[in-house]
Amino acid sequence: MADDEVKARLRAQIAAIESSGRAAGEGGRERSLEPAVSARSLPLDGEDASDRGHAQVSRPPKAGEDGTESEQERAFRKIERLACHREQASEALRRRLTREGFEAAAVDEALARAERCGLVDDCRYAEVLVRSRLAQGRGRRGIAAELAGLGIDAEVVAPLSNGSMEDGGEVERALDLLHRKPPRAKNRREAAYRRLIQKGFAADIAVTAARLWCDENPG
């Protein structure tokens, strides 16, 4: 689906959700946006391709007293463009918008609106990020620290709280990483330990996995 089509569909969904919320009194989140416009890829800090050549707003923006688009509306449109491109965390968006000069009140209002209509969802973001980091061979400790930096509790994220992330599962994942990417240094155990620490594994997991890997690969 082309970017313009995705954005048009996204805006139609937002308008429908907000309209149903107003009709019901206190809207809240009526339903989430379809997966087609969310969870595309991992969110990263920095500039996105979505910041360039974005489509024009398909419906009249909310205007300020002078007829120009309000700062809150501009902040929301910025969130919309970023979220259309890839999944986003609310705290990362807050930092970015603040860094780009938006006032705190406008950012708060825009984020609250984005969360109400399902455009931004930290739980959804966390699951996407965790699954990707696990696929990259990252350790639980490093993933949890990354989530904590965004104000997200790792314990409530399903992929981090299931049995595969207990110590036994972590050791197996650490061993798998060493088998796939074996260190080549002279002191193999120390090099294996360092690699696992750099990948976010806890020290006790790294010690155990490095020892087992060296025992399995004595050469």
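The values are calculated or read from the model by the stated rules, or taken from the named source; none is laboratory data. Quantities reported herein were computed from a predicted structural model and do not represent experimental measurements. Backbone-built Cβ (ideal geometry, glycine too); neighbour counts: all protein chains shown. The protein model used for the area step is the full one, side chains on, heavy atoms only, and it has no ligands, DNA or RNA in it. Shrake-Rupley method; radii C 1.70, N 1.55, O 1.52, S 1.80 Å.
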Residue by residue through segment 148-157, note down the ones that are out of contact with any Leu (no Cβ under 7 Å at 6 or more places or on another chain) and assigned to a helix (DSSP H, G or I). A148, E155, V156
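Would you say G163 is surrounded by fewer than 13 Cβ atoms within 10 Å (Cβ to Cβ) and modelled with pLDDT under 85? Let's see the steps before the verdict.
Details: surrounded by fewer than 13 Cβ atoms within 10 Å (Cβ to Cβ): yes; modelled with pLDDT under 85: yes.
It is true that G163 is surrounded by fewer than 13 Cβ atoms within 10 Å (Cβ to Cβ) and modelled with pLDDT under 85.
Taking segment 78-92 on its own, how many of its residues are within 15 Å of R116 (Cα to Cα), in a helix (DSSP H, G or I), in contact with an Asp or Glu (Cβ under 8 Å, 6 or more places away or on another chain) and open to solvent by less than 10 Å² (accessible area, probe 1.4 Å)? Lay out the reasoning, then the answer.
Start the filter on segment 78-92 by keeping residues that are within 15 Å of R116 (Cα to Cα), which leaves 79-80, 83, 88-90.
Of the ones still in play, those that are also in a helix (DSSP H, G or I) are 79-80, 83, 90.
Now drop any that are not in contact with an Asp or Glu (Cβ under 8 Å, 6 or more places away or on another chain), which leaves 90.
Of the ones still in play, those that are also open to solvent by less than 10 Å² (accessible area, probe 1.4 Å) are none.
Of the residues in that region, 0 qualify.
Take R138 and decide whether it is outside any helix (DSSP H, G or I), under 24 Å from T208 (Cβ atoms), open to solvent by 10 Å² or more (accessible area, probe 1.4 Å) and modelled with pLDDT under 90.
Numbers: outside any helix (DSSP H, G or I): yes; under 24 Å from T208 (Cβ atoms): yes; open to solvent by 10 Å² or more (accessible area, probe 1.4 Å): yes; modelled with pLDDT under 90: yes.
Against the criterion (outside any helix (DSSP H, G or I), under 24 Å from T208 (Cβ atoms), open to solvent by 10 Å² or more (accessible area, probe 1.4 Å) and modelled with pLDDT under 90), R138 qualifies.
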Restricting to segment 97-130, count the residues that are open to solvent by less than 20 Å² (accessible area, probe 1.4 Å) and part of a helix (DSSP H, G or I). 11
